[in-house]
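The values are calculated or read from the model by the stated rules, or taken from the named source; none is laboratory data. Keep in mind that what you see is a predicted model, and the values were worked out from it rather than measured. Here the Cβ is made from the backbone with ideal geometry for all residues, glycine too, and neighbour counts use every protein chain on show. The area values use the complete protein model at the heavy-atom level, side chains included, leaving out ligands, DNA and RNA. Shrake-Rupley method; radii C 1.70, N 1.55, O 1.52, S 1.80 Å.
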Amino acid sequence: MISLAGRDILHAWGKFVFTGIGLGLLIGATFTMAGVYRGMVDDAKVMLDNSGADLWVVQQDTLGPYAEPSSIYDDTYRSILGISGVARAANVTYLTMQVRQGERDVRVLVTGVTADGPGTPGWPPYLVAGRQITRSHYEAVADVATGFKLGDRLQIRRNQYTVVGLTRRMVSSSGDPMVFIPLKDAQEAQFLKDNDAIVRSRARTAQNPALNRPGVPGLLDSVITSQSSNPYVNAVLVQLEAGHVSEDVARSISRWKRLKVYDRAQMEHILVGKLIATSSRQIGMFMVILTIVSAAIVAFIIYTLTMGKIREIAVLKLIGTRNRTIAALIMQQAIALGLIGFVVGKITATLWGPFFPKHVLLEPLDAVIGLVAVVVICILSSIIAIRAALKVDPAEAIGG
Amino acid sequence: MVDKGIRIEGLKKRYGSGDTAVDALKGIDMQVAPGEVVGLVGPSGSGKSTLLKCLGAVIEPTAGRMILGDELIYDDGWKVTDLRALRRDRIGFVFQAPYLIPFLDVTDNVALLLMLAGRPNGEARSRAMELLEALDVGHRAKAMPSQLSGGEQQRVSIARGLVNRPPVILADEPTAPLDSERALAVIRILNDMARKYDTAIIVVTHDEKIIPTFKRIYHIRDGVTYEEAGEGRSFD
Ligand SMILES: Nc1ncnc2c1ncn2[C@@H]1O[C@H](COP(=O)(O)OP(=O)(O)OP(=O)(O)O)[C@@H](O)[C@H]1O
Ligand SMILES: [Mg+2]
């Protein structure tokens, strides 16, 4: 046998290659959208992995600390440590904000970690340069994605921090790179009032006769001290002792402490199912539109190519070519176009992926699904052209 | 009754129905022996193409009988089920315009029919080559149709019509685009082929240059045929 489709493609290869490249760019855009979604999910998982926690203890009735605000007292961790099955527990704060460095500012997730040393839940598990935080104030470890370098001076609220270490792939679930600072500083950054507010608050407290009693010296001072301290953190990260089931430990913590406890699977469900759910639906819509546009293009191109061959198809039918052979000719061309598009799309997505501001994760499995989808779409899109070709009257070849 | 070739009896074809019905063929009687080339001439609109289409199993006649070789293919209705296979295996077509497949080279244009019928490529191509040599276009075997002159294209399309050695060849104005020398060459080729492969050939034509070459001519007027002896002039 002879491949009519193959011969036609070789004969008109320019048309096929150019159309294929155009289609490929669209397919590349679709792959990238899928990659952005996978990247978000991956960012979320990496963040959970890197936190080193088995359990997240947060304020009751919240989906904290990533999806909803949560605040709990910063001494809660001590009593959690006493619960059986808990190996380590550490306070942590998270605050997304603009961090200033010289002239520019970068959107980051500022993470406050306790100064208990490496291995503490919340600490970055490894560094690509520099060292971990050793002092309890004004040192920072930043992700390379922030663009900060060792020794850079950052401004977070009113304080200056020196970058002493760099991490890689430490990002929030919305793709913002993380900056680690000591917990005390972070608490202050999160709950710190500006100077005017402090002055006003002091004045208000001083005017309150119940708190400013002439007969009780020192009372006003203690009240003001207590008001300006920040005994809150967003969550306590818990590591379990080997051999303990997270469900059991979680149950005892929530029972005794009136706190909400999430394990790794639940946390992932919150991040993927709730925090990035709207974004992923958005991406899904884009992918549907891109898919429809691609299908329309394939259908249109194949239809046009077929209509350009209508005389030849009439001749083929007249000399006895089976419908099956003619349908195969058109369908194979559609599939060939799709395959060119797929290859171009895969290459372009791989090439331009790293230039996207967010993590674009191109999964091999998605490529396989994409390939199948491309082939199926091309087959479906060729149906219009095939129907038109099969309707051609062989008498047309004889003419009047 | 000849037991080979083409035989048509009382063939009728009506296009449409009711007020707009056109009786294109009103009772055609015709007979072409194997190895014979007959002319079919008539004014425009007289039904020549309609007759070829009926005979080529491309449109369905309204009534009558058609016998191809020793098989009754139509008797007030088709007597064969697979018309496409009938066209592929038993009938060769040569058109006014060559209608070659632009993306196949000359050899494959000719060999295609055999390949579609399931013959091995090598065998199909060597048979095509044989015909191309006979038609004096063997040297263009690897060219694409767009690289051929009109006359060469026409000869390739004749080779395509002959390649499956059909017992019947239907040619619709095969010489229209050619000058008289080439037109006569085409007729000579058709005569050679008819003799060589015992093929019955009908040539529809308006072409004054070639009409004198037929030994027998059917005139068709208002859907009815009249047989006439031709001059049967030799071509040289
Ligand atoms: N598909 C059709 N529907 C209706 N009428 C048709 C159709 N095809 C042909 N006719 C009519 O049938 C008659 C014969 O047409 P046909 O094409 O067979 O003529 P012809 O002899 O081949 O003419 P020409 O020399 O111009 O090609 C004409 O009157 C034509 O108008
Ligand atoms: Mg005609």
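Points worth noting:
- Filtered residues of the stretch B:58-84 (kept if within 13 Å of chain A (Cβ to nearest Cβ) and either more than 16 Å from ligand 1 (Cβ to nearest atom) or without any contact (Cβ under 8 Å) to a residue 12 or more places away in the chain (or both)): B:Val80, B:Asp82, B:Leu83, B:Arg84
- Condition check for A:Gln239: in a helix (DSSP H, G or I) and within 27 Å of A:Thr134 (Cβ to Cβ): no
- Matching residues in the stretch A:316-361 - criterion: being in contact (Cβ under 8 Å) with a residue 60 or more places away in the chain and among the polar types (S, T, N, Q): A:Asn323, A:Thr325, A:Gln332, A:Gln333, A:Thr348
- Flag for B:Ile101 being within 14 Å of chain A (Cβ to nearest Cβ), in a loop (DSSP other than H, G, I, E, B) and open to solvent by less than 10 Å² (accessible area, probe 1.4 Å): yes
- Whichever residue in the stretch B:206-236 is in a loop (DSSP other than H, G, I, E, B) and either within 14 Å of chain A (Cβ to nearest Cβ) or of a type in the set (Lys, Arg) (or both) and, among such residues, is nearest to ligand 2 (Cβ to nearest atom): B:His206
- Residues that are touching an Asp or Glu at 6+ places or on another chain (Cβ under 9 Å) and within 16 Å of ligand 2 (Cβ to nearest atom), drawn from the stretch B:3-28: B:Lys13, B:Tyr15, B:Ile28
- Exclusive hit being within 18 Å of the chain's Cα centre (by Cα) and assigned to a helix (DSSP H, G or I), set B:Val203, B:Val186: B:Val186
- Residue count for the stretch A:55-110, restricted to those that are within 21 Å of the chain's Cα centre (by Cα) and touching a residue at least 24 places away in the same chain (Cβ under 8 Å): 18
- Any helices (runs of 4 or more DSSP H) falling wholly within the stretch A:1-96 and containing at least 2 residues that are within 14 Å of chain B (Cβ to nearest Cβ) and surrounded by fewer than 21 Cβ atoms within 10 Å (Cβ to Cβ): A:4-11, A:13-51
- Test: residue in the stretch A:352-375 that is within 14 Å of another protein chain (Cβ to nearest Cβ), away from ligand 2 (no atom under 16 Å from the Cβ) and either assigned to a helix (DSSP H, G or I) or more than 30 Å from A:Val108 (Cα to Cα) (or both): no
- Residues of the stretch B:29-56 that are more than 14 Å from chain A (Cβ to nearest Cβ) and either without any contact (Cβ under 8 Å) to a residue 24 or more places away in the chain or away from ligand 2 (no atom under 15 Å from the Cβ) (or both): B:Asp29, B:Met30, B:Gln31, B:Val32, B:Ala33, B:Pro34, B:Gly35, B:Glu36, B:Val37, B:Val38.
- Taking the stretch B:186-216 as the range and being of a type in the set (A, V, I, L, M, F, W, C) and out of contact with any Lys or Arg (no Cβ under 8 Å at 6 or more places or on another chain) as the test, the residues that pass are B:Ile187, B:Leu190, B:Met193, B:Ala194, B:Ile201, B:Ile202, B:Val203, B:Ile210, B:Ile211, B:Phe214.
- So B:Val94, is it modelled with pLDDT under 90 and open to solvent by less than 10 Å² (accessible area, probe 1.4 Å): yes
- One residue stands out in the stretch B:108-159 among those that are within 21 Å of the chain's Cα centre (by Cα) and of a type in the set (Lys, Arg): the one that is surrounded by the most Cβ atoms within 10 Å (Cβ to Cβ), namely B:Arg155.
- Among residues of the stretch B:107-147, those that are more than 19 Å from B:Arg165 (Cβ to Cβ) and either outside any loop (DSSP other than H, G, I, E, B) or within 12 Å of chain A (Cβ to nearest Cβ) (or both), counted: 6
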